[in-house]
Amino acid sequence: LLLLLCAGLTLRSHADPIAPRRSADGTGRCTYSFTVPGPVEAACSDARGVPELRAELAALSARLNRLESRERGSGPGGRDSQAAAPGCGELLRAKSRLEEEKGRLEREKAELGRRLESSAQEISRLRNSRCPPGVEGAARDSLRPPGKVSRWDPQPLSYQELQSERTEVPVSRLLEETVLGHPGSDNSGCGELVWVGEPIVFGQAESIAGKYGVWMKDPEPVPPFTRETTWRVDVVATEVRHLLQYDAAEQLAKGYPTKVHVLPQPLESTGAVIYRGGLFFQPRHSRSVARYDLGRETVTVEREIPNAGYHGQYPYAWGGYTDIDLAVDEMGLWVIYSTEKARGAIVLSKLDPETLEIRQTWETNIRKRGVANSFVICGTLYTVSSYSTPNATINFAYDTATSTSRALSIPFENRFRYLSTVDYNPTERQLFAWDNFNMVTYPVRLSQA
């Protein structure tokens, strides 16, 4: 045993010591055994961990390959970078455009701010020049009827709906600036319409019922009413019955009616007029004209207009069931309408104000739906081209004296873009109009007869 052990020691390398294995045999003796590599095996390295090492090396190689692939794909010249480059470029361009738009909007905002500041300074200057501090408040208190409170004070909603905004300029000054105060204006005699001035605002309706309406003065009033008595009807409703009475223009501007007349029949649309102490109007859903006596507060006469269209058959261009429109001029009372026979053209009839009988009728060649509104001055019918275009015109005239029509182009301003009423007052020598909640007047000028 010792000889074998020594032989094994000489054959093994000093760097590779022998590890004998001990075991017991069947007789109870200890047996030692060991393995000595041959010459070829001794020249090879220990290969007991080779399979595990190869597997680990293979996994490591695979990871390195994947990392290299990712590096190539995400690099400046990789395939993924080339595919993603167009999307990134588009995003950058969009970002650049948004930044430019943001800069432009900021510049516009700054410019609007400068304009608003300039406008505010101009308005303040005008107010100070027209109404010095302390004067406006004193004037407002002096015009306020006894027992009434300012429209700026809290009030019940039911009363607030009957109020309208007060104009910035006193009404007395507005009256001075109308055509009656213009040098050289002549309030007598007749002639052709040659000029319409800019609109002057007298009041503004606050409730939604006042988007369309009609306001009037009687050119030939009957006591106890005067030329200063002003009348108003808001017509946005299914049952329009309230006729508001104002004893002075200041009351209309401040929104304080003297009295509210409740009509026995609802009226239709904006075609009503006040003349010789009566309200002439079209009862709703009818082709009739009625006279409501303002003093006795009752309907005194009602008469049908033969074959007249009604309730949307032949309205003006803006609609509003304006099939039958009444008008007053230096010659009396007129009714403007259309019939099936006239095929939608305007028909003009002269009425007796006491009996409402038709005295004479003219059939024009002016299509009613093609114009925004119309009025009569000195026996001539004039039409407005548009109810919403800011720079409209008086575009047609029909002369009842010659039964001829002609085209015109007299400038007419729709300041608030929704003209629902235009009526002529021969005594005031003005047009009374209702333009999108606003009650306005237009001074006019006539040529010499």
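The values are calculated or read from the model by the stated rules, or taken from the named source; none is laboratory data. Since this is a predicted model, take the numbers as computed values, not measurements. Glycine also receives a Cβ, built like all others from the backbone with ideal geometry; neighbour counts cover every protein chain displayed. The protein model used for the area step is the full one, side chains on, heavy atoms only, and it has no ligands, DNA or RNA in it. Shrake-Rupley method; radii C 1.70, N 1.55, O 1.52, S 1.80 Å.
Brief remarks on what is shown
- Share of carbon and sulfur in the accessible heavy-atom surface of segment 193-446 [1.4 Å probe, %]: 47
- Note on F202: accessible area is roughly 10 Å² with a 1.4 Å probe, heavy atoms of protein only.
- In range of the label at Y418: residues from segment 261-279 whose backbone nitrogen is under 15 Å from the point 7 Å along Cα→Cβ: 270
- Across all directions, the shadow cast by the convex hull of segment 269-353 built on its C-alpha atoms averages 5.4 square nanometres.
- Working ranking of peptides 368-375, 414-421, 294-301 by packing, defined as the average number of other Cβ atoms within 10 Å per residue, highest first, is 368-375, 414-421, 294-301.
- Peptides 334-340, 206-212 ranked from most to least packed give 334-340, 206-212, packing being the mean of other C-beta atoms within 10 angstrom over each peptide's residues.
- Between I377 and Y382, the built amide H atoms are under 5 Å apart, and every one of these is 5 or more places off in sequence or on another chain.
- Residue among S447, T380, A397 farthest towards the positive dipole end of segment 330-449, charges placed on Cβ: A397
- Amide hydrogen neighbours beyond the local backbone of T258, cut-off 5 Å, H modeled: Q245, Y246, D247
- What separates the Cα centres of segment 266-281 and segment 327-353 is a distance of 14 Å.
- Inter-label distance, nm, simple model (7 Å from Cα along the C-beta direction), T226/N65: 11.1
- Potential lengthening between K109 and C190 on full extension [0.36 nm per residue; Cα-Cα distance subtracted]: 23.8 nm
- Set K217/K254; K109/K211; K211/K350 screened for pairs whose C-alpha atoms are more than 22 Å apart: K109/K211; K211/K350
- Taking all protein chains into account, the per residue accessible area for segment 193-446 stands at 36 Å² (1.4 Å probe).
- Distance in nm between pseudo-label sites at T361 and K259 (7 Å out along the Cβ direction from Cα): 3.6
- Amide H contacts under 5 Å for G344, placed H, 5+ residues apart: T339
- Remark on segment 193-446: hydrodynamic radius 17.8 angstrom, per the Kirkwood mean of 1/r across alpha carbon pairs.
- Each Lys or Arg adds one and each Asp or Glu subtracts one; over the other residues with Cβ under 13 Å from the Cβ of Y292, this totals 0.
- Rg ratio (alpha-carbon, reference 2.2 N^0.38 Å) - segment 317-449: 1.00
- For segment 340-449: relative contact order, % (alpha-carbon pairs under 8 angstrom, 6 or more apart): 16
- Average Cα contact separation per residue, segment 193-446, under 8 Å, 6 or more apart, as relative contact order %: 19
- Mean Cβ count within 10 Å, highest first, over the residues of peptides 235-245, 108-118: 235-245, 108-118
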